[in-house]
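Chemist: Mind having a look at this structure? Questions to follow.
The values are calculated or read from the model by the stated rules, or taken from the named source; none is laboratory data. Here the structure is a predicted model, which means the values were calculated and not measured. When we count neighbours, we look across all protein chains shown, and the Cβ atoms used for this are built from the backbone with ideal geometry, even at glycine. Ligands, DNA and RNA are stripped out before the accessible areas are found, and what is left, the full protein with its side chains, is counted by its heavy atoms. Shrake-Rupley method; radii C 1.70, N 1.55, O 1.52, S 1.80 Å.
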Amino acid sequence: MRALGLDLGERRVGVAVCDSAGTVATPVETLVRSGDPERDLRAVADQVHQWEAEIVVVGLPVSLDGSEGPAARTARAETDRLERLLEVPVVSYDERLTTVIAERSLMEQRMKGPQRRGVVDQVAAAVVLQSWLDAGMPRG
C-alpha cells in the first residue's frame with residue numbers, strides 16, 4: 001500500500017512516501033506554505049495524486065507527556081480539512097521528536113544549516129511515516 005506522510009509546519013509541509021510494499025519511507029518534497037490554506041490543501045492533494053497514495057499519514061505534534069496543545073489542535077483541524085477534500089483515508093500519528101531525529105540525522109551527514117532547513121521537514125515526514133509503517137500501519 002502506497003502511503004504519503006506529512007509533517008505539517010507553520011511555514012512548510014514535509015512530504016514523504018513509502019514504497020508500494022509499505023516497507024520503506026522516503027522524503028520527497030517540501031511544500032512552502034502560500035498563506036492561502038485552500039491552495040496549500042490543493043498542493044497536498046496534488047502530491048496524493050502524483051504519488052498515487054492510498055492513505056495519508058499526518059504527523060500529530062503531541063507534547064512529550066502525551067497531551068495535545070495548540071499545535072496538535074491546529075494539525076487536527078488541517079487533518080479534518082484534508083479528510084473532507086481527499087478520496088483516500090487520512091490518519092494522524094504521533095510525531096513526538098521527529099524533527100529532532102531528522103535534524104540529528106542530517107547533522108550526522110554533515111549537512112550545513114541552510115541545506116538542512118530545506119529538507120528537514122520532508123525528512124521529519126519520512127520519520128513519521130516510517131514509524132507508522134513499523135507500528136503495523138494503525139488506522140486510529
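Chemist: Restricting the search to the stretch 55-90, which residues are more than 12 Å from Val44 (Cα to Cα), under 15 Å from the mean Cα position of the chain (by Cα), open to solvent by 30 Å² or more (accessible area, probe 1.4 Å) and not small (Gly, Ala, Ser)?
Modeler: Pro61, Thr74, Arg76, Asp80, Pro89
Chemist: Same structure again: Can you work out which of the residues in the stretch 40-54 that are of a type outside the set (A, V, I, L, M, F, W, C) and on the phi < 0 side of the Ramachandran plot is surrounded by the most Cβ atoms within 10 Å (Cβ to Cβ)?
Modeler: The qualifying residue surrounded by the most Cβ atoms within 10 Å (Cβ to Cβ) is Gln47.
Chemist: Is it true that some residue in the stretch 90-106 is farther than 15 Å from Cys18 by Cβ, of a type outside the set (A, V, I, L, M, F, W, C) and modelled with pLDDT of 90 or more?
Modeler: Yes: one or more hits.
Chemist: So, in the stretch 125-140, exactly how many residues are assigned to a loop (DSSP other than H, G, I, E, B) and either farther than 18 Å from Val62 by Cα or open to solvent by less than 50 Å² (accessible area, probe 1.4 Å) (or both)?
Modeler: Residues meeting the conditions: 3.
Chemist: Now, a different point. All but one of (1) farther than 21 Å from Ala72 by Cα; (2) assigned to a loop (DSSP other than H, G, I, E, B) hold for Gly35; state the number of the condition that does not hold.
Modeler: Every listed condition holds for Gly35 apart from (1).
Chemist: Turning to a different aspect of this structure: Name the residues in the stretch 14-32 that are of a type in the set (Ser, Thr, Tyr) and not in a loop (DSSP other than H, G, I, E, B), would you?
Modeler: Result: Thr26, Thr30.
Chemist: Being surrounded by 18 or more Cβ atoms within 10 Å (Cβ to Cβ) and free of Cβ contacts under 8 Å to residues at least 40 places away in the same chain, is that true of even one residue in the stretch 27-39?
Modeler: Yes, there is a match, as at least one residue in the stretch 27-39 is surrounded by 18 or more Cβ atoms within 10 Å (Cβ to Cβ) and free of Cβ contacts under 8 Å to residues at least 40 places away in the same chain.
Chemist: I'd like to verify a number: residues in the stretch 51-90 that are out of contact with any helix residue (DSSP H, G or I) (no Cβ under 7 Å at 6 or more places or on another chain), under 15 Å from Leu129 (Cβ atoms) and assigned to a loop (DSSP other than H, G, I, E, B), how many?
Modeler: Of the residues in that region, 4 qualify.
Chemist: When the stretch 1-26 is examined, which residues are found to be farther than 22 Å from Ala77 by Cβ, among the charged types (D, E, K, R) and either crowded, with 19+ Cβ neighbours inside 10 Å or in contact with a Ser or Thr (Cβ under 7 Å, 6 or more places away or on another chain) (or both)?
Modeler: Once the filter is applied, which keeps residues that are farther than 22 Å from Ala77 by Cβ, among the charged types (D, E, K, R) and either crowded, with 19+ Cβ neighbours inside 10 Å or in contact with a Ser or Thr (Cβ under 7 Å, 6 or more places away or on another chain) (or both), the stretch 1-26 yields only Arg2.
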